[in-house]
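Q: Shown below is the structure under consideration.
The values are calculated or read from the model by the stated rules, or taken from the named source; none is laboratory data. None of the values given here were measured: they were computed from a predicted structure. So basically every Cβ, Gly included, is an ideal-geometry build from the backbone, and we count neighbours across all protein chains shown. In case anyone asks, the SASA skips ligands and DNA or RNA and just uses the protein heavy atoms, side chains included. Shrake-Rupley method; radii C 1.70, N 1.55, O 1.52, S 1.80 Å.
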Amino acid sequence: MNLNEAVDFLKENQPLPDDRVLETNSEILEKFNEVRKYFLGNPNLICIPLFINSFGNGSGFGIYQLIEDVLLKYSPEQVIPHLIKGLNSEKYGIKYWSTQIASSFPDKKLIEPLAKLLTDKASDVRYAAIVALAEIDDKRALDLIKNAQKQEEDTEVLELIEEVISNLKI
């Protein structure tokens with residue numbers, strides 16, 4: 001594996017297929033994992049937007065969770081602009097995984113895009129947005145979480161909101 005092969009693979013898979021397809025085509029997932037390992041050992045800024053836009057629908061059978069390790073090799077200033085684009089994506093997988101990763105890059109620049117996700121139709125996106133906002137040390141983030149409590153209907157998300165509010169009360 002070299003840089004050109006890794007980049008070419010990621011460019012061809014923007015995003016990767018859904019888990020249903022990956023289940024019957026494990027070669028794609030194996031290659032994706034090779035690319036992930038390559039960039040773990042050979043950091044290069046080119047991979048940041050390529051990884052953020054590679055998330056298909058599903059879990060990637062556990063490999064998507066590991067992409068965060070690659071992104072943590074870079075500074076927040078390098079990752080956040082690409083993360084914001086991911087949070088604003090129309091593609092569910094990209095939006096969901098970007099929201100998950102956002103909690104590892106707590107920054108005030110993420111408040112606005114995360115706030116928009118508090119009304120997303122997918123409860124798991126709303127849940128991840130609450131987790132990410134709770135990591136940001138800013139009163140606006142807490143206020144957004146409190147406001148979300150008023151409109152949230154999903155029991156699990158409500159329980160998380162209540163837990164966050166009780167832990168963050170000043």
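Q: What's the angle, to the nearest 10 degrees (0 to 90), between helix 26-41's Cα axis and the longest principal axis of the chain?
A: 80 degrees
Q: Could you pull out the pairs from Lys31/Lys121; Lys37/Lys121; Lys11/Lys109; Lys85/Lys121; Lys95/Lys116; Lys11/Lys116 whose alpha carbons sit more than 23 Å apart here? Please report the intermediate quantities before stating the final value.
A: On the way: Lys31/Lys121 32 Å; Lys37/Lys121 34 Å; Lys11/Lys109 27 Å; Lys85/Lys121 19 Å; Lys95/Lys116 11 Å; Lys11/Lys116 28 Å.
Violating the 23 Å Cα-Cα cut-off are Lys31/Lys121; Lys37/Lys121; Lys11/Lys109; Lys11/Lys116.
Q: Using only the Cα atoms of segment 116-170, build the gyration tensor, take square roots of its eigenvalues as a ≥ b ≥ c, and label the shape rounded, prolate or oblate: rounded if a/c is under 1.5, else prolate if a/b is larger than b/c, else oblate. Please report the intermediate quantities before stating the final value.
A: Numbers: a/c = 1.78, a/b = 1.42, b/c = 1.25.
The shape class here is prolate.
Q: I would also like to ask the following. Mind checking the dipole of segment 95-140: about its Cα centre, +1 per Lys or Arg Cβ, -1 per Asp or Glu Cβ, Debye to the nearest 20?
A: Working: 8 positive and 7 negative charges, 37 e Å.
Charge dipole of segment 95-140: 180 debye, to the nearest 20.
Q: Separate question: Average projected area of the Cα convex hull of the chain, in nm²? Can you show the working numbers first?
A: Details: hull surface 38.9 nm².
With every direction weighted equally, the projected area is 9.7 nm².
Q: Relative to the Cα centre, what is the charge dipole magnitude of the chain, using +1 at the beta carbon of each Lys and Arg, -1 at the beta carbon of each Asp and Glu, and rounding to the nearest 20 debye? Can you show the working numbers first?
A: On the way: 19 positive and 28 negative charges, 111 e Å.
Result for the chain is approximately 540 debye, rounded to the nearest 20.
Q: Hey, another quick one. Hey, how many Å between the Cα centroid of segment 102-170 and the Cα centroid of segment 2-37?
A: 31 Å
Q: While we're on this one: What does the accessible area per residue of segment 1-157 come to in Å², with a 1.4 Å probe and no ligands, DNA or RNA counted?
A: Details: 7900 Å² over 157 residues.
The answer is 50 Å² per residue.
Q: May I ask you to evaluate 6.51 cos²θ - 1.76 cosθ + 1.60, the Karplus curve with θ = phi - 60°, for each residue of segment 10-25 and list the ³J(HN,Hα) values in order in whole Hz, giving x for glycine and proline?
A: Per-residue couplings from phi come out as 5, 4, 6, 10, 10, x, 5, x, 4, 4, 4, 6, 4, 4, 9, 9 Hz.
Q: May I ask you to evaluate 6.51 cos²θ - 1.76 cosθ + 1.60, the Karplus curve with θ = phi - 60°, for each residue of segment 119-128 and list the ³J(HN,Hα) values in order in whole Hz, giving x for glycine and proline?
A: 10, 4, 5, 8, 5, 5, 5, 4, 4, 5
Q: In segment 87-163, which GluC sites (Glu not before Pro) fall in coil by DSSP and have 10 or fewer other Cβ atoms within 10 Å?
A: Glu90, Glu153
Q: Now, a different point. Regarding segment 7-106, what's the average projected area of the Cα-atom convex hull, expressed in nm²? Please list the in-between numbers first.
A: On the way: hull surface 22.0 nm².
Projected area, direction-averaged: 5.5 nm².
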